[in-house]
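Some notes on the structure that comes next.
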Amino acid sequence: MSPLRDSLVNKQEGQPSIPLSGFTLHTPSAIMCKMRLGASAAFFVLYLAVQIAVPAIQIVRRDSNFRWGMFAESGERHDIFLEYPGQARESLDQLRARTGRGKLLRSQVDGALLTPYLCSQTPKPARIIVRNLRTGAEEHYPCR
Amino acid sequence: MPLDKFFGAQTSARPLGVARAAVGIAAFGRAAIQYEILRALFSGDVVRSKPFPWLPDLPHGSIPVFVAIWMLASVSFAFGFRTRLSGGILLACLTYQLVLDQNLDWSNLYFMALVVFLLIVADSGCSFSLDRRFFRQDPEQVSRWTTLLPRLQLSIVYGYSVLLKLNPSFLAGQTIVQATRMPAFLGATWLPTLTAAATVGIEFFLAVGLWVPALRRAAFALGFVLHTAIFFGMDRAHTSTMFTFGLNILAPYVLFLEQAPGSRLVIWDDGCAFCRRWITLFRAFDWLGVHRYEGSSSRDALANAGVTAQEADAEIKLSFDGRILGGFGAIREVLCLLPISFLWAPLLAVPPLPAIGRRLYRRVAERRKCTNVTVPVRR
């Protein structure tokens, strides 16, 4: 620190800077303090922005995760089928009855993510079909 | 500068410590519940729904170890022992489950993870903790903005929950019928619709009312009623989950109790053994340290409060913000700031409870057995 600047800076603890003829000199502790405040403000704003934005985006995308829809809606109901080579179909309920496997712990999961598990069943299905009960629309996920 | 003032403001760390203890207990309970769920998930009977296929499952046979680590971290977090470390481990356990499989993407688990994260950030081990007892000598103060985040999180949760419940299916009471223990014959009446509407109304009130000082106590009471009703009313499959969720979501409510430690003066008849027992009890549960307890033999205390010894001997007195309350009113006001009672104590203001309380207090005060010995109580 230059002698001039040194002489102008108030070294007293807890008094980080002194105003001098329209400008302010900052001690290292004052700069740290400012940086800390800046980091606090950034974290505060960022956290809130994420917490407000994520559920809003999920609602727009009609995704059921991380949007605080606790028992809010029965949601879109789907039937899930395993289609075997030769067009034979087995519903998830039938698979459960036959093998004891195929439980879901949550009412809403992404249909596409179910494929690896369902495709690994025996006999191996050719594809998985997720049918929307309201619209009747079907999504097909081939087993590789 | 207002921004400097906002982010530089300090507040008592005690409410944060109390919230941390409650969340730690909830997390412990949640670990016990999660043991069976994880077993089912890894047994191969559950349709796996992995958003990140590269994330490994727990090795075979290690679920007990995982749950034990979670439980230990929860206990340590509740007691505030190495709080940031134990909180970090707890957060890691919760986060692992949230990203492992969509079957585990429950809002209550997500909320718990967020609150644990915020309590770590807010330095919740600063007070009401073993860290304080053994390792720390710094002031029991934290940055106030860190205590605002868990509270704002509450409003965000309630706010979005209301928004999503505004759909024909919920408002018609379908979810209420499906998810609660409501008897079938009531399902065909107006009760499910009324319950659905009341739920939406209460959640909206909570999102806003917690921030309005005049409405805050009503919000405490309604939040308590709502989550107690959810616990008792939901289908038995959800009972244990709803207990931990209720505890977890009610825990940040205590952060709204921002009265400074020692800011309220309680004057009591210190010549009375019966009164002493009650004051000892109040002191034991006054975890926020908001009240100072002074006997009626203390002239300074009487002068501070502006009451006479005779008045203080006749009934307990509470002095705060230039107001003096006595008897049942004082007891109720004290209960409104104790962490174990602040949620339900506002209900004591609902008629006819004040009239009953006053009569009961008078009756007990007249029949109490007092000694004539004045023994100072530890402050």
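Quick check: is even one residue across region B:38-47 more than 12 Å from every other protein chain (Cβ to nearest Cβ) and touching a residue at least 24 places away in the same chain (Cβ under 8 Å)?
Step one: of region B:38-47, the residues more than 12 Å from every other protein chain (Cβ to nearest Cβ) are none.
No, region B:38-47 contains no residue that is more than 12 Å from every other protein chain (Cβ to nearest Cβ) and touching a residue at least 24 places away in the same chain (Cβ under 8 Å).
So B:LEU118 fits all but one of (1) out of contact with any Pro (no Cβ under 6 Å at 6 or more places or on another chain); (2) within 14 Å of chain A (Cβ to nearest Cβ); what number is the exception?
(1)
As an exercise: evaluate A:ASP79 against (1) within 13 Å of chain B (Cβ to nearest Cβ); (2) out of contact with any Cys (no Cβ under 9 Å at 6 or more places or on another chain); (3) outside any loop (DSSP other than H, G, I, E, B) and give the number of the one condition it does not meet.
If we test A:ASP79 against (1) within 13 Å of chain B (Cβ to nearest Cβ); (2) out of contact with any Cys (no Cβ under 9 Å at 6 or more places or on another chain); (3) outside any loop (DSSP other than H, G, I, E, B), just (1) comes out false.
Go through region B:167-181 residue by residue and tally those that are closer than 10 Å to B:ALA196 by Cβ and more than 7 Å from every other protein chain (Cβ to nearest Cβ).
Qualifying residue count, region B:167-181: 5.
Listed here are the residues, each with its yes/no results for (1) under 22 Å from A:MET70 (Cβ atoms); (2) surrounded by 23 or more Cβ atoms within 10 Å (Cβ to Cβ); (3) in contact with a His (Cβ under 6 Å, 6 or more places away or on another chain).
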residue	(1), (2), (3)
B:PHE77	no, yes, no
B:VAL116	yes, yes, no
B:SER127	no, yes, no
B:ARG136	no, no, no
B:LEU154	yes, yes, no
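Please count how many residues of region A:82-107 are away from chain B (no Cβ under 12 Å), surrounded by 14 or more Cβ atoms within 10 Å (Cβ to Cβ) and closer than 25 Å to B:GLN178 by Cα.
Residues meeting the conditions: 1.
Identify all residues within region A:119-144 that are surrounded by 12 or more Cβ atoms within 10 Å (Cβ to Cβ) and either within 20 Å of B:ILE37 (Cα to Cα) or of a type in the set (Ser, Thr, Tyr) (or both); write none if there are none.
Answer for region A:119-144, where residues must be surrounded by 12 or more Cβ atoms within 10 Å (Cβ to Cβ) and either within 20 Å of B:ILE37 (Cα to Cα) or of a type in the set (Ser, Thr, Tyr) (or both): A:SER120, A:TYR141.
Can you tell me which residue in region B:124-133 is farthest from the other protein chains (Cβ to nearest Cβ), limited to those that are out of contact with any Ser or Thr (no Cβ under 7 Å at 6 or more places or on another chain) and touching a residue at least 24 places away in the same chain (Cβ under 8 Å)?
Applying the first criterion (out of contact with any Ser or Thr (no Cβ under 7 Å at 6 or more places or on another chain)) to region B:124-133 yields B:126-128, B:130, B:132-133.
Going one step further and asking which of them are touching a residue at least 24 places away in the same chain (Cβ under 8 Å), we end up with B:126-128, B:130, B:132.
On the way: B:CYS126: 16, B:SER127: 20, B:PHE128: 23, B:LEU130: 27, B:ARG132: 23 Å.
Filtering first and then ranking leaves B:LEU130.
Based on this model, can you work out whether B:LEU163 counts as within 11 Å of another protein chain (Cβ to nearest Cβ) and surrounded by 18 or more Cβ atoms within 10 Å (Cβ to Cβ)?
On the way: within 11 Å of another protein chain (Cβ to nearest Cβ): yes; surrounded by 18 or more Cβ atoms within 10 Å (Cβ to Cβ): yes.
It is true that B:LEU163 is within 11 Å of another protein chain (Cβ to nearest Cβ) and surrounded by 18 or more Cβ atoms within 10 Å (Cβ to Cβ).
Which ones in region B:291-309 are in contact with an Asp or Glu (Cβ under 6 Å, 6 or more places away or on another chain) and either at pLDDT below 90 or in a helix (DSSP H, G or I) (or both)?
Within region B:291-309, the first condition is being in contact with an Asp or Glu (Cβ under 6 Å, 6 or more places away or on another chain), and the residues that meet it are B:295-297, B:301.
Of everything in region B:291-309, just one residue is in contact with an Asp or Glu (Cβ under 6 Å, 6 or more places away or on another chain) and either at pLDDT below 90 or in a helix (DSSP H, G or I) (or both), namely B:ALA301.
For B:VAL142, are the conditions met, namely being more than 11 Å from chain A (Cβ to nearest Cβ), touching a helix residue (DSSP H, G or I) at 6+ places or on another chain (Cβ under 6 Å) and closer than 25 Å to B:PHE285 by Cβ? Before the answer, list the steps.
Details: more than 11 Å from chain A (Cβ to nearest Cβ): yes; touching a helix residue (DSSP H, G or I) at 6+ places or on another chain (Cβ under 6 Å): yes; closer than 25 Å to B:PHE285 by Cβ: yes.
Yes.
Which condition number does B:ASN304 fail, the rest of (1) free of Cβ contacts under 8 Å to residues at least 40 places away in the same chain; (2) buried (at least 19 other Cβ atoms within 10 Å of the Cβ); (3) not assigned by TED's automatic domain parsing to the domain that holds B:LEU109 being met?
Only one criterion is unmet by B:ASN304, namely (2).
Could you check B:GLY29 against (1) surrounded by fewer than 20 Cβ atoms within 10 Å (Cβ to Cβ); (2) not in a helix (DSSP H, G or I) and say which number it fails?
(2)
Looking at (1) among the β-branched types (Val, Ile, Thr); (2) in contact with a Phe, Trp or Tyr (Cβ under 7 Å, 6 or more places away or on another chain); (3) closer than 25 Å to B:SER124 by Cβ, which is the one condition that is false for B:VAL290?
In the conditions (1) among the β-branched types (Val, Ile, Thr); (2) in contact with a Phe, Trp or Tyr (Cβ under 7 Å, 6 or more places away or on another chain); (3) closer than 25 Å to B:SER124 by Cβ, B:VAL290 misses (2) alone.
I'd like to verify a number: residues in region A:109-125 that are of a type outside the set (D, E, K, R) and at the interface with chain B (Cβ under 8 Å from one of its Cβ atoms), how many?
As a first pass, look at region A:109-125 and keep what is of a type outside the set (D, E, K, R): A:109, A:111-123, A:125.
Imposing the further condition that a residue be at the interface with chain B (Cβ under 8 Å from one of its Cβ atoms) reduces the set to A:109, A:113-114, A:116-118.
Count: 6.
For B:ALA229, work out the one condition from (1) surrounded by fewer than 18 Cβ atoms within 10 Å (Cβ to Cβ); (2) more than 20 Å from B:ALA22 (Cα to Cα) it doesn't fulfil.
It fails just one condition, (2).
Does B:LEU288 qualify as being outside any helix (DSSP H, G or I), under 26 Å from the mean Cα position of the chain (by Cα) and farther than 18 Å from B:LEU360 by Cβ? Before you say what the answer is, go through the steps one by one.
Working: outside any helix (DSSP H, G or I): yes; under 26 Å from the mean Cα position of the chain (by Cα): yes; farther than 18 Å from B:LEU360 by Cβ: yes.
Taking the combined requirement at face value, the residue satisfies it.
A quick yes/no check of all residues on (1) outside the structural domain of B:LEU338 (by TED's automatic domain parsing); (2) at pLDDT below 95; (3) buried (at least 21 other Cβ atoms within 10 Å of the Cβ):
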site: B:ASP235; (1), (2), (3): yes, yes, no
site: B:THR239; (1), (2), (3): yes, yes, no
site: B:ASN248; (1), (2), (3): yes, no, yes
site: B:PRO252; (1), (2), (3): yes, no, yes
site: B:TRP268; (1), (2), (3): no, yes, yes
site: B:CYS272; (1), (2), (3): no, yes, yes
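Among helices (runs of 4 or more DSSP H) lying entirely in region B:81-134, which contain 2 or more residues that are aromatic (Phe, Trp, Tyr)? Walk me through it before giving the result.
Working: elements: B:83-100, B:107-121, B:130-134.
Because the criterion is at least 2 residues that are aromatic (Phe, Trp, Tyr), the helices (runs of 4 or more DSSP H) in region B:81-134 that meet it are B:107-121.
The values are calculated or read from the model by the stated rules, or taken from the named source; none is laboratory data. Remember, predicted model here, so these are calculated numbers, not experimental data. Reconstructed Cβ throughout: ideal geometry from the backbone, glycine too, with neighbour counts over all protein chains shown.
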